[in-house]
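See below for the structure under consideration.
No value in this document is a laboratory result; all are computed from the given coordinates. The structure presented is a predicted model; accordingly, all values stated were derived computationally and were not measured. Glycine also receives a Cβ, built like all others from the backbone with ideal geometry; neighbour counts cover every protein chain displayed.
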């Protein structure tokens with residue numbers, strides 16, 4: 001996974017993530033499940049041109065959804081919370 005666009009799928013724009021970004025300069029992204037912390041750090045630095053101080057990752061379990069013929073488990077997703085250097089900012093919009 002060399003391409004940064006394959007590692008970072010999309011930014012998570014929720015109320016909690018927006019508050020974290022404004023108050024603590026921590027941004028949340030939905031990333032590929034196979035991506036490692038160094039790969040995520042490098043991808044954010046390349047895509048947004050900022051210095052990354054730290055990366056925290058978590059795997060969210062897929063929800064159980066009802067379908068016509070029973071229940072189906074969604075695939076798990078990986079969320080990365082990236083702490084950016086205080087002098088740098090990421091403008092998502």
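Can you give the log10 of the normalised intensity I(q)/I(0) at q = 0.15, 0.22, 0.25 Å⁻¹, computed with Debye over equal Cα scatterers of the chain? For the chain, the Cα-only Debye profile gives -0.59, -1.07, -1.31.
Between residue 63 and residue 89, the FRET efficiency estimated from the beta carbon spacing at R0 = 41 angstrom works out to 0.80.
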